[in-house]
Each structure stands twice: as structure tokens, then as C-alpha cells.
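Below you'll find the structure, written out as C-alpha cells, and then a few comments.
The values are calculated or read from the model by the stated rules, or taken from the named source; none is laboratory data. The structure presented is a predicted model; accordingly, all values stated were derived computationally and were not measured. Backbone-built Cβ (ideal geometry, glycine too); neighbour counts: all protein chains shown.
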Amino acid sequence: MNELFPALRTASSRTALRFQDRALTYGQLAASAGTLAARIGAERRVAVWATPTMETSVAVVAALLAGIPAVPVNPKIGESELAHIVSDSAPTLVLAEPDAELPGPLAALPRIDVDPYEGTESGATAEGSEPGTATGAAGGAAGGAVELPPEPGAEAPAVIVYTSGTTGRPKGVVIPRRAIASTLDALGEAWQWTADDVLVHGLPLFHVHGLILGILGPLRRGGTVHHLGRFSTEGVARELAGVGTMLFGVPTMYHRLAAEAGDNPALAKALGGARLLVSGSAALPLTDHQKITAATGARVVERYGMTETLMNTAVRADDTAAPGTVGVPLPGVHARLVEESGTVIEESDGETVGEIQVRGPNLFVEYLNRPDATAEAFDGGWFRTGDMATRDAGGRYRIVGRKATDLIKSGGYKIGAGEIENSLLEHPGVAEAAVTGEPDEDLGERIVAWIVPDTDENGGAAPTAQELIDHVAAQLAPHKRPRIVHFLDALPRNDMGKILKRGLHA
Ligand code: MCA
Ligand code: AMP
């Protein structure tokens, strides 16, 4: 594997990162991330307080340059989830914005405040250039080669991202450098993604989609990213009407764009002018594909991946026949469909459904501290995705569902029902709890909690729905909060005492 970010060594005056009115050229980024990498030194792991900012991007690049695994942390994370992540990943240092107030377990760690302009000459008010244009006196390092640490081995852990399972606490997915390099190069090939592209997105930076694809992707290509700070349809319209060439988003974002593009000609024109609109993290409903195409003339391409596998398949930029599919396996990725019985499906008939299993250089190393879970995730070298799909004669996969009903995809976030049930059961007003997902136009699925209240433990009163919603938001994360709470006298159970979730919605 060559180095992760060859463009950092050229230290050019091309814009690497832009967050609203702040930008960094490759020269400036090499100088500031290089300086920070030297300050990080030889820690075991660094936690990154992953706000959607320049600071987070520089912190992660610095950790990668230093060869120290970075653990991005959702800045809206709740108490009990944070305690778990910190004790499980045991970081020895935290990188954060200077004015960020860190919660307990992170506040107790040694901290470096990230200054994205440290080591550059231009100072904190610097304005980066647009791609390809010279900035004259940009960073101190601009134009010259920068001294950067040697590239660590390809198998070295680069990033640890926490992801939900059906039960229990989130698991830390250890992602090596070769997985990042290979997935980004494969996408580069499939999408003809080059240094001339300006990627626009407003995704969070504590998951694979926003961080690895959305920030590290443009940096590996030597191109540019314009991050919106937070997603808005206005932000997308503005950036794509400007220099933006590509958009990354989750289906909820495309749903909102689709709803607006019909009566917003400026938005429709901006979307129509983009070179590539890419959706991922969950299925984009056909109706949203159609609405966007009707309003803009452009199509949305989907790609399919997972935290554990990075990207597996993608609709290629030159494949016009694929709406509703997630495309073909990316270069280097091997995919197969497997029946419940373990039989490998040979048909490419667009009908026979099996579980997608994958292997290739895009895969993770292990779940941190969980050899049991790691072993269970594989079937003789093939990673079991849990996603059910068909394959057509063109080799394109179409995802039709998921094995585990206890995994909910809401707003593109994967959320385990068991994790929320456990959190609800910790509330004194809850005697029994079950969590399900139900269809939601905007979020894809919404989280529904079914509660048998415990009035004795709760001072004689049943908890309110809002109290339980706030409890989950504060303990886990706001995106894991139930959107609907039903109170019941008892949960439907079978003879063995197992909760019959299918009976709940009836
Ligand atoms: C609401 N909020 C609360 C509460 N209720 N906070 C505390 N307590 C409460 N009770 C706050 C939220 O924190 C948020 O704050 C605001 O209210 C609105 O929240 P919400 O309605 O949940 O979200 P939204 O603003 O409507 O966001 C929709 C979204 C978001 C932008 C689409 O879901 C999103 O960013 N999704 C991206 C998911 C993603 O990146 N997934 C990648 C993982 P505030 O207003 O301050 O924000 S999958 C992956 O990586 C794989 C590899 C793949 O294939 O991609
Ligand atoms: P996560 O575990 O959060 O990384 O999410 C990975 C899961 O997201 C996959 O196992 C799929 O279920 C889902 N996913 C990602 N991309 C797509 C897509 N384009 N279409 C359908 N599902 C997707």
C-alpha cells in the first residue's frame, strides 16, 4: 500500500477542506496536521471529539499521520454510552476544539486543543483558495515539500468506529489503513472520482460515511470537500450551484431534497448540475429516486457498505440502468449470496434471495476486545453482513431486507433494539420494555418503544413518554431516542416468556 494521503506531500495550494468560511489548502493541512501529529507522539489511542468541523478533520488526519488509532466520539453522546466507549477503547489522549466542554470520562484525559492553522503562516483567519487556483502567500508550507512521519504498516489500525448490534453495547470496529485506502481507491475507480472533484456533504463525522468517505475520500483523491457544518437543503443548493461537483447523503437527506426540488427551481438546477449524487447508509426508496430525477434530470446512485466492511458495492458512474440497486462489487471486493442452509446461490436471476457475504481488502480487523463477536461475524473467511439481497444478470445487487429485525436504521444510523431496551429498563418507571422499528417517510424507520410502567418504583406515577425519550437521548444519544412510546399492561410473550414483537404492532 502506498501512503494514505499522497497529496499531503505535494503540499499544493489546492483547497483540501472547507467548512463554511474557513478553508485549508493541502500545504496548510500538511503543516497543521503534521505539527499536531508530532504533538500526539506515541499514545495508545486518541479520542476525537467529532464535531462537524475543521478541527475534527485535522485531528483525524494528524492521528493517521502519527499512526495512532483515532476513536471518533459523537459530540451529542449520552452518559452511559460514552462511559462504555471510553472504558472499552481506553484512549490516552483526547483531541477537541478549544472551546468544547467535554463530559466526565473525556474531561479526565490529557487533552490537546486542535488549532487547524497551527504551523501554517496564514493564521486563523486564512481563506483557502478554490480548487486549482493559487493562493499566493497561502500557508507557510504551501508549494514546498513537508516533512511528514513515515507511513505505518498497511495493517495498522487507523480508526475505531463504534457500531450497534442487536443486543448489548456498541462494538468498536477496528479499521486498518489498507481498508481505507482500498475502499477509497475502488470508489475512485467506480465513480471516476478525481482531484478535480469538490465533494459537498453535511454528514456527521463520527461514522464511516461522513468521516472516511466524506473527509478522507477527497483527501486521498487530492480533491476538495466542502462540509456544510450541518445538513440543509439551502446549503446543498448553494454549494452545488458553486464549485461542488458531487454530493454524499443518507436517504433522509435525499428525501428532503426530493420533497423540495419540485417547487424550488434553484435547488433543482443545482442538483441537476452535479456530476454525481450518491446515497448510502440505508435504502433510498424508488419514489425518492423518481422525484429527484423528475425535478432535476439527474439520477442518484447508491452504494452499499457497512462500518465493518467499508464499501462493498456501488452503482458505477457509467451504469445508467441501475435505479433501486446498489450496483456491483467494487474492484477487489468478493461478494456472494448465501441461503439460510449455507448453500451458495449461483443464480443471477434477480429473484433468489440470500444473505450477502463479503471478503476483500476493505474488511475490518476485529471488534475491539470482542474475539467472540469477531469469530461469530465470519463464515470461513467471509463476513456475514446480515443484509438480504438478490443479484441480477448484470451482477447488480438489490437489497431486499435484513436478517435481524432487532436492527433499526433511522436517518441512516444503525440502532440496536436491545441497547435501547436496556437503557429504558434502567429507568425506575419501566417494568418491561420492547423496542421495534416502523416505517417512517423521513427517517426510513422510526424507533417505537413499548412500555409496561412500574408505578411502585416510580413514586406511584407512570413515567411520561417525554421522560423516557429524554432518558434515552441523555444516556445513549439523541438519534437513538424513541419517536413514539406506547404504554401497555403487559407485553405479548410466548410460552417460553420471549417477547413476541410481531404481536406488538397488531
Ligand atoms: C431532539 N434532540 C434532542 C432530543 N430531541 N436532544 C436531546 N434530547 C432530546 N430529547 C435534538 C437532536 O440532537 C438534534 O439536535 C435535533 O434535536 C434534531 O434531531 P433529529 O430529529 O434526530 O435529527 P435531524 O436533525 O432531523 O437529522 C436528520 C439527519 C440525521 C440530518 C438525516 O439523521 C443524520 O445526520 N443522519 C446521518 C447518519 C449517518 O451519517 N449514518 C452513517 C452511518 P441539533 O438540532 O443540535 O442537531 S452508516 C455507515 O457509515 C455505513 C458505512 C454506510 O453505508 O454509510
Ligand atoms: P452501519 O452498520 O451503520 O455501518 O450500517 C450498515 C448497514 O447499512 C448495512 O448493513 C445495510 O443494512 C445498510 N446500508 C448501507 N448502505 C445501504 C444501501 N445503499 N441500501 C440499503 N442498505 C444500506
>> Considering only segment 247-263, I want to know if a residue exists there that is on the phi > 0 side of the Ramachandran plot, within 13 Å of ligand 1 (Cβ to nearest atom) and outside any helix (DSSP H, G or I).
In response: no
> What are the pairs, 6+ residues apart or on separate chains, where a residue within segment 407-424 that is under 15 Å from ALA473 (Cβ atoms) and modelled with pLDDT of 95 or more has its Cβ under 6 Å from a residue that is within 11 Å of ligand 2 (Cβ to nearest atom) and of a type in the set (Gly, Ala, Ser)?
Replying inline: ILE415/SER164; GLU419/SER164
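Determine, yes or no, whether THR405 is polar (S, T, N, Q), within 14 Å of ligand 2 (Cβ to nearest atom), buried (at least 16 other Cβ atoms within 10 Å of the Cβ) and not in a helix (DSSP H, G or I). Lay out the reasoning, then the answer.
On the way: polar (S, T, N, Q): yes; within 14 Å of ligand 2 (Cβ to nearest atom): yes; buried (at least 16 other Cβ atoms within 10 Å of the Cβ): no; not in a helix (DSSP H, G or I): yes.
Against the criterion (polar (S, T, N, Q), within 14 Å of ligand 2 (Cβ to nearest atom), buried (at least 16 other Cβ atoms within 10 Å of the Cβ) and not in a helix (DSSP H, G or I)), THR405 does not qualify.
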>> Checking ALA375 against (1) without any contact (Cβ under 8 Å) to a residue 60 or more places away in the chain; (2) surrounded by fewer than 22 Cβ atoms within 10 Å (Cβ to Cβ); (3) within 28 Å of VAL225 (Cα to Cα), only one condition comes out false. Which one?
In response: (3)
>> Here's a check for you: in segment 440-466, which residue that is surrounded by fewer than 15 Cβ atoms within 10 Å (Cβ to Cβ) and either under 29 Å from the mean Cα position of the chain (by Cα) or at pLDDT 95 or above (or both) is nearest to PHE487 (Cα to Cα)?
In response: THR464
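Any residue that is in contact with a strand residue (DSSP E or B) (Cβ under 7 Å, 6 or more places away or on another chain) and touching a residue at least 60 places away in the same chain (Cβ under 8 Å) - is there at least one of those in segment 342-357? Outline the logic, then answer.
If we filter segment 342-357 for residues that are in contact with a strand residue (DSSP E or B) (Cβ under 7 Å, 6 or more places away or on another chain), which is where we start, we get 344-345, 348, 350-357.
Of the ones still in play, those that are also touching a residue at least 60 places away in the same chain (Cβ under 8 Å) are none.
There is no residue in segment 342-357 that is in contact with a strand residue (DSSP E or B) (Cβ under 7 Å, 6 or more places away or on another chain) and touching a residue at least 60 places away in the same chain (Cβ under 8 Å).
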>> Can you list residue pairs whose Cβ atoms sit under 9 Å apart, with the first residue in segment 194-219 being more than 18 Å from ALA33 (Cα to Cα) and the second being more than 8 Å from ligand 1 (Cβ to nearest atom) and modelled with pLDDT under 95? Count only pairs 6 or more apart in sequence or on different chains.
In response: ALA195/PRO131; ALA195/GLY132; ASP196/PRO131; ASP196/GLY132; ASP197/PRO131; VAL198/GLU130; VAL198/PRO131
> Filtering segment 44-97 down to residues that are surrounded by fewer than 20 Cβ atoms within 10 Å (Cβ to Cβ) and of a type in the set (Asp, Glu), which residue is nearest to LEU8 (Cα to Cα)?
Replying inline: GLU97
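Would you pick out the residues in segment 277-301 that are among the hydroxyl-bearing types (Ser, Thr, Tyr) and either more than 10 Å from ligand 2 (Cβ to nearest atom) or in contact with a Phe, Trp or Tyr (Cβ under 7 Å, 6 or more places away or on another chain) (or both)? Steps first, answer last, please.
So in segment 277-301, the residues among the hydroxyl-bearing types (Ser, Thr, Tyr) come out as 279, 281, 287, 293, 296.
Selection gives SER279, THR287, THR293, THR296.
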